[in-house]
Amino acid sequence: MTQEIIKVEGMSCMHCQLRVKKAVEDVEGVQRADVNLQTKQVTVELEEGKANLEKVRAAIREAGYEPI
Ligand SMILES: [Cu+2]
C-alpha cells in the first residue's frame, strides 16, 4: 500500500470534506481517503499496482475542488 498526500483548495466545510472523501474513495485502487479541512490535505491510501494518482486528482476536480 502506498500513501500519498494531495493538497486541495476550495473545501470550506464538513460537506466539502465528505464530498471529497467519497469522490476519492470511489476511485479504483483507493482503499481509504482522509480529508483534513484545516491543513487542506487529503491523505490517500492506494493499492500497489492499481494506484493512479491522476485519476484521484481528476475525481477531486469533478467533485468541484482544486487539487494542487
Ligand atoms: Cu462545504
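The values are calculated or read from the model by the stated rules, or taken from the named source; none is laboratory data. Because the structure is predicted, anything quoted here is derived from the model rather than measured. Using ideal geometry, Cβ is built from the backbone for each residue, glycine included, and neighbour counts are taken over all protein chains shown. Side chains included, ligands, DNA and RNA excluded: accessible areas come from the protein's heavy atoms. Shrake-Rupley method; radii C 1.70, N 1.55, O 1.52, S 1.80 Å.
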Within segment 1-20, can you find the residues that are open to solvent by 60 Å² or more (accessible area, probe 1.4 Å) and either assigned to a strand (DSSP E or B) or within 15 Å of TYR65 (Cα to Cα) (or both)? GLN3, GLU4, ILE5, LYS7, GLU9, SER12, MET14, HIS15, LEU18, ARG19
Within segment 30-68, restricting to residues that are without any contact (Cβ under 8 Å) to a residue 24 or more places away in the chain and among the charged types (D, E, K, R), the one that is surrounded by the fewest Cβ atoms within 10 Å (Cβ to Cβ) is GLU54
